[in-house]
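To start, the structure under review is shown below, and the notes come after it.
Please treat every number below as a calculation from the coordinates, not as lab data. It should be emphasised that the depicted structure is a prediction, and the values quoted were computed from it without experimental measurement. We place every Cβ from the backbone using ideal geometry, glycine too, and count neighbours over all the protein chains shown.
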Amino acid sequence: MPNFDLNFVIAFFFGVLVIYILARLLYFPLRIFVRFLVNTAAGGVLLVVFNFAGAFWGIQIGLNVITALIVGFMGIPGIILLLVLQRLTG
């Protein structure tokens with residue numbers, strides 16, 4: 001049977017505890033960041049579909065990061081908001 005040093009065992013369990021605590025602390029912000037990226041991608045896809053369908057009526061919204069974030073966060077009301085802002089400014 002191998003002879004383990006008590007300091008080695010304590011250091012091992014302390015290292016496992018530190019890794020566990022770091023994983024718990026970083027899990028929540030990482031989950032929010034991934035959800036943010038997925039919503040932005042979905043907003044971009046929704047804008048592309050809207051621009052394709054809106055081309056028949058001459059309605060288009062510029063596709064950039066800000067508009068994709070707005071549509072990704074708000075969904076259909078985000079598209080309506082962007083259309084209203086576009087009509088008010090232009």
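List of remarks:
- Label point distance in nm, residue 65-residue 53, each placed 7 Å from Cα along Cα→Cβ: 2.8 nm
- Whole-number D in µm² s⁻¹ for the chain, Kirkwood Cα-pair radius fed into Stokes-Einstein, 25 °C, 0.890 mPa s: 148 µm²/s
- Estimated inter-spin distance, residue 10 and residue 23, nm [label 7 Å along Cα→Cβ]: 2.5 nm
- When the chain is treated as a GNM with alpha-carbon contacts under 10 Å, the residue of 75, 62, 15 showing the greatest mean-square fluctuation is 15.
- In order along the stretch 72-81, the phi-based Karplus estimate (6.51 cos²θ - 1.76 cosθ + 1.60, θ = phi - 60°) of 3J(HN,Hα) comes to x, 7, 9, x, 4, x, x, 5, 4, 4 Hz; Gly and Pro are listed as x.
- Taking the helices alone, the chain has a mean residue ellipticity at 222 nm of -28500 deg cm²/dmol, built from -39,500 (n - 2.57) per DSSP H run of at least 4 residues and averaged over all its residues.
- GNM flexibility winner over the chain from 69, 46, 26 (Cα, springs under 10 Å): 26
- Karplus-derived 3J(HN,Hα), 6.51/-1.76/1.60, for each residue of the stretch 22-29, Hz, glycine and proline x: 5, 5, 5, 6, 8, 5, 5, x
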